[in-house]
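Here is the structure we will look at, set down as structure tokens.
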Amino acid sequence: MASPLYEVAYALWFILPAYVANAIPVLLGGGRAIDCGKTFADGRPVFGSHKTVRGFVTGVVAGTLTGAVQTAALGLIPVSDFVLPYQFNVLLGFLISLGALIGDLIHSFLKRRLRVVEGSPLPVADQLDFVVGAVVFFSIASAPPLLTIFIIFAITLPVHLLTNFLAYLLGVKRKPW
């Protein structure tokens, strides 16, 4: 059995492309909305103006590049020193990144249906939507261990809240959530 520190490090390594993909749109997003300002049958925006083409594309690219760096880094580490239960590669980095951003889009779609105003919080769901998408898309290729998924959910909530608050303090985000 691996040590608890290894399990946490492994979970962070696994989800890193999703963390990057989810953060980059805050920094590099803006521009044309993915839904092009269209409304759904209920008269509300499909996703809203905060979900942009540039944010989505740069998020997927940055997350995929993170996966490429991870893949290269694993090539430098002797296998006996760092054993993963799956073969990490660029495709998996892409799937994790794409899943993270699709999970975020689905969440935005549902928030609009629930009449939650853009930029308003929906606690817990706001912090975990991208993780759910990442895990679902990664599972297409190879399901991560249940312990890894549990650790990811447990650490993502406080990490997401902290990074959003720091982004707010630095003036990158308009709201601390």
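Read the figures in this text as sums done on the coordinates, not as results from a lab. These figures come from a predicted structure and were not determined experimentally. Methodologically, a virtual Cβ is constructed for each residue, glycine included, from the backbone with ideal geometry; neighbour enumeration extends over all protein chains shown.
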For K175, give me every one of the lysines with a C-alpha distance below 21 angstrom, ignoring sequence neighbours fewer than eight places off in its own chain. K51, K111
Residues with amide H under 5 Å of T52's amide H, sequence separation 5 or more or different chain, H placed in the peptide plane at 1.01 Å from N; which? G30, I34
With +1 at each Lys and Arg Cβ and -1 at each Asp and Glu Cβ, the charge dipole magnitude of the chain around its Cα centre, to the nearest 20 debye, comes out at 780
So I have (i) 71, 29, 28; (ii) 56, 31, 27; (iii) 79, 39, 32, and one of them is Cα extents along the principal axes in Å calculated from this model. Which one is it? (ii)
DSSP loop (so not H, G, I, E, B), at most 15 other Cβ within 10 Å: list which chymotrypsin sites (Phe, Trp or Tyr not before Pro) in segment 14-65 pass both filters. F40
Whole angstrom only: what separates the Cα centroid of segment 110-165 from the Cα centroid of segment 12-34? 13
Relative contact order in percent for the chain (Cα pairs under 8 Å, 6+ apart) equals 24
Among F47, V8, I24, pick out the residue whose Cα is farthest towards the positive end of the charge dipole of the chain, where Lys and Arg carry +1 and Asp and Glu carry -1 on C-beta, about the Cα centre. F47
Burial ranking of peptide ranges 95-101, 137-143, 166-172 (average Cβ count within 10 Å, highest at the top): 95-101, 137-143, 166-172
The longest stretch of the chain containing none of the trypsin sites (Lys or Arg not before Pro) that sit in a DSSP loop with at most 14 other Cβ atoms within 10 Å is 39-114
³J(HN,Hα), Karplus 6.51/-1.76/1.60, whole Hz, each residue of segment 16-24, x for Gly, Pro: 3, x, 5, 4, 5, 4, 6, 7, 4
